[in-house]
Amino acid sequence: MFGGRSSEHAISCVSAGSVLEVIDRDRYDVLPIGITGEGRWVLAGDEPARLAIHGRELPTVDPTGTPLVLPGDPTAKGLVVLEAGDAAADLGSIDVVFPLLHGPYGEDGTLQGLLELAGVPYVGSGVFASAAAMDKHHMKQLLEAAGLVVPPYVVIRRGRAVPTEVRNLGLPVFVKPSRGGSSIGISKVSRWDDLDDALAEAHRHDPKALVESAVAGRELECGVLAAPSGPEASLPAEVRVTGGQDFYDFEAKYLSDATEFDIPPHLPEETIARVRSAALRAFEALDCEGLARVDFFVTDAGEVLVNEVNTMPGFTPASMFPRMWAATGVPYRELVSRLLDDALRRGTGLR
Ligand SMILES: Nc1ncnc2c1ncn2[C@@H]1O[C@H](COP(=O)(O)OP(=O)(O)O)[C@@H](O)[C@H]1O
Ligand SMILES: [Mg+2]
């Protein structure tokens, strides 16, 4: 399942295209389901190439596909075609869903809730962890409660006065939508005069924004993958933005060739071990399932701060999560099978 209503629609299509390309067709009959930007569900073509980025052109779900719905009815266990076109009216029962959706209405617990109601197992975190990780405000509270360190921050809701304590954060600050992703709506502010514009931009995406102290340090990511004996942490990666962008913004993430990744990072073994163990603690603090990518800042003094937890990280072979696992010994194709197996083992309901 891919596409969706969030600003990360295109990235989700790219992830889905990559999975379609490698998934083991001897084990799985795949039904690609696209969700349009408006939220309509359609039967999508099984065409990996159409879902790739071509130059600077981003893919989208074609809204002319056969419309579908998934009833939240566990006795139905399947998709219903709304108008019989080229697709067979009975698509059969669905064993497991791979929700390759990023952002609100996909990665935030809403889709997971529907799949729980329908009794269809799915890859990744359940309702609570998905919702908690999507909202950076609540994510930070849970991480802090588990003893992890996060950058200082203030929550600012649209239409409310900006509290004076924001200034205590010191400059520069990062201003971000609480429930966003792909760096969309994020600004780095180096003068207080620019704060209002940055808040307006963040509030265009989410009525709840965060202002956060900028951490001077290196940026690391670590993949966590569920296994029958408990979650495992991958070798971390360091992200180095070398294309002239001010931080790891949308351009540096998806469009620039200049961003560099070191797997593992050039850091002492001991620091890498602390990052891996913090990634596992963050995964458990939020009750994550299946997979997550935990992102960090590491200061020159070696302090490890958690930036965020992504419950459905970018999932193309060029994305960090698959690359970190490939470097740790789990190739992309096996990753897909392991995640589907994990989802099938777990099922739905309280667990
Ligand atoms: N407190 C911070 N200190 C330093 N850099 C930050 C901070 N917050 C965000 N950034 C930069 O902005 C990028 C995107 O921010 P992030 O909170 O990860 O949002 P998203 O969910 O959109 O990825 C980070 O990868 C990092 O480069
Ligand atoms: Mg991020």
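The values are calculated or read from the model by the stated rules, or taken from the named source; none is laboratory data. Every value quoted in this text rests on a predicted model; they were computed, and no experiment measured them. Because the Cβ atoms are built from the backbone with ideal geometry, glycine has one as well, and the counts that use them run over all protein chains shown.
Each row is one residue, and each column tells you yes or no for (1) free of Cβ contacts under 8 Å to residues at least 12 places away in the same chain; (2) crowded, with 18+ Cβ neighbours inside 10 Å; (3) in contact with a Phe, Trp or Tyr (Cβ under 8 Å, 6 or more places away or on another chain).
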| site | (1), (2), (3) |
| --- | --- |
| Pro236 | no, yes, yes |
| Val239 | no, yes, yes |
| Pro264 | no, yes, no |
| Val294 | no, yes, yes |
| Pro317 | no, no, yes |
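Given the options Asp246, Asp287, name the one that is more than 16 Å from Pro313 (Cβ to Cβ), within 16 Å of ligand 1 (Cβ to nearest atom) and touching a residue at least 24 places away in the same chain (Cβ under 8 Å).
Asp246
Could you tell me whether segment 14-34 includes any residue that is within 18 Å of the chain's Cα centre (by Cα), without any contact (Cβ under 8 Å) to a residue 40 or more places away in the chain and not assigned by TED's automatic domain parsing to the domain that holds Arg323?
For segment 14-34, residues within 18 Å of the chain's Cα centre (by Cα), without any contact (Cβ under 8 Å) to a residue 40 or more places away in the chain and not assigned by TED's automatic domain parsing to the domain that holds Arg323: present.
Ala49 fails exactly one of the following numbered conditions: (1) without any contact (Cβ under 8 Å) to a residue 60 or more places away in the chain; (2) buried (at least 21 other Cβ atoms within 10 Å of the Cβ); (3) under 22 Å from Leu255 (Cβ atoms). What is the number of that condition?
It fails just one condition, (2).
Take the conditions within 15 Å of ligand 2 (Cβ to nearest atom), modelled with pLDDT of 95 or more and not in a strand (DSSP E or B) and apply them to Val239. Does it pass? So that I can check it myself, show each step before the final result.
Details: within 15 Å of ligand 2 (Cβ to nearest atom): yes; modelled with pLDDT of 95 or more: yes; not in a strand (DSSP E or B): no.
Judged against the criteria, Val239 is not a match.
Residues of segment 164-210 being more than 9 Å from ligand 1 (Cβ to nearest atom) and hydroxyl-bearing (Ser, Thr, Tyr), which ones?
Thr164, Ser178, Ser187, Ser190, listed by residue number.
Quick check on segment 320-332. Is at least one of its residues of a type in the set (Val, Ile, Thr) and out of contact with any helix residue (DSSP H, G or I) (no Cβ under 8 Å at 6 or more places or on another chain)?
yes
Are there any strands (runs of 3 or more DSSP E) wholly within segment 249-329 with 1 or more residues that are at pLDDT below 95, and if so which? Can you show your working first?
On the way: elements: 260-262, 291-298, 304-310.
Correct list: 260-262.
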